[in-house]
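So the structure is just underneath, and the comments pick up after that.
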Amino acid sequence: MPYLLLTLTILFWSGNFVLGRGVNDIIPPVSLAFWRWVGAFIVLLPFAIRPLLRDWKQIRDHLAIMTVLAVLSVTFFNTFIYVSLQSTPVANTVLVNAMTPVFIVFVSWIGFRDRINRIQGIGIAISLSGLLWMLSRGKVTALLSTRFSAGDLWTLSAAMSWALYTVLLRKRPSGVHPVAFLATTIGIGIVFLIPPYLWELQTGARFGLTPATLSSIAYVAVFPSVLSFLFWNRSVGIVGANKAGVFVYLMPVFSIALAYVLLGEVLQAYHLFGFILIFGGICLTTTARFPFYRPMGPTDESL
C-alpha cells in the first residue's frame, strides 16, 4: 500500500510541474504557491477541525519542529519550484529535482548517521544512471556540455528543502493525527508565505480570475497538496525516508509520459531505456531492508 501511495504522489507532483510551467505567463509564481495552499487549507479544514481540537496540546508542545517542517515543505519547496519554472523547461526542473533521493541519503547520514546496505546503494546508483541517461538523451558525453541556469539552482534549493523535510519527518509528534498535522503545517506555511506574496503584489504581478487560472489553482490545491502530502507523510512513516525518496526518480518518467499524452511529444528509445533503469533501481532499493529505520507508530498507519 505505501508504494502505491508513493507512486500516486509522484504522479500528482509531475502534473504540478507540467501545470506550473504551463501557467507561468498567467499566474505569478508566489501567487500560485500562496493560493494553492490557501485552497488546500480550505479543502482540508472541515476534516481537520475535530482532530485539531483533540491534538492541540501536542501540536502546541511541538510547535518548533512543526514550524520547521511547514517552512521547508509548504513555504520553500513549491515556491522555489514555481520560481524555477519561470525560466527553466519542465524537463530540466524535473530532472534536477530527481536528485532529491541522493540529498535524502546524504542528510540522513549527516543528521542521523543512517546507513544503507550494498544492494540499496546499487539500486540508487542504477536509478541515478537511468536519470543521467535520459538527461543526456542516450549520449553520456552530452552531460559535459550541460549548463545549469538560475532556474536549475532554484530547483536544487527546492530538492534540498524537500530532503530536509523528509528526513525530519521522524521528529514530528507521533500522536498527532495526519490530517491535523497537515492542516497545521499548511497554516503555518501560509503565514510565512504572506511577506513574499505581498512583495510580489507590490511589484505589480497580478492574475485574472479566469476558468484557466481557477481550474489550475483547484488542481494544485487538491492533488499535489492535500492528497500528495497525506500520501507522502503516511508512506514515509511506514517505509522510511530513504526508500520513499527513491520514488522521486519516477517524476521524469511520469512527466515525459504526460508530455507524450497531453502535448504529443515523441517518446524516444533513450526514454524507454532510462525507464527500465529507474524502475529497476527502485525495485532493488524498496525490496531490501533498512535495519536502522523503525516506523513512527500505529498513528501514522491510518489517515
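Just a few scattered comments:
- By average C-beta atoms within 10 angstrom, highest first, the peptides 56-63, 212-219, 100-107, 199-206: 100-107, 212-219, 56-63, 199-206
- As a proxy for reagent exposure, Asp55, Asp25 were ordered by neighbouring Cβ count within 10 angstrom, fewest first; the result is Asp25, Asp55.
- A dipole drawn for the stretch 2-301 from +1 and -1 charges on Cβ atoms has a positive end, and of Val43, Ser84, Ala159 the residue lying farthest that way is Ala159.
- Spin-label pair Ser215-Trp56: with each label point 7 Å from Cα along the Cα-Cβ axis, the two points sit 4.1 nm from one another.
- Note on the chain: GNM, Cα springs under 10 Å; of Pro178, Pro252, Pro195, the largest mean-square fluctuation is that of Pro195.
- Our estimate of slack between Ile110 and Phe192, defined as 0.36 nm per intervening residue step minus the Cα-Cα distance, is 26.8 nm.
- Taking label points 7 Å from Cα along the Cα-to-Cβ direction, Val38 and Ile122 give a separation of 5.3 nm.
- Correct option for percent of Cα pairs over 36 Å apart [calculated from the coordinates] among [x] 32; [y] 9; [z] 15: [z]
- Span-rule helices in the chain, defined as complete DSSP H runs reaching 20 Å or more along the axis (Cα) with Kyte mean at least -1.0: 2-22, 29-61, 118-135, 150-168, 178-202, 269-287
Values in this text are rule-based calculations from the coordinates and carry no lab data. Model, not experiment: these values are computed from the prediction. Quick reminder, even Gly has a Cβ in these numbers, built from the backbone with ideal geometry, and neighbours come from all protein chains shown.
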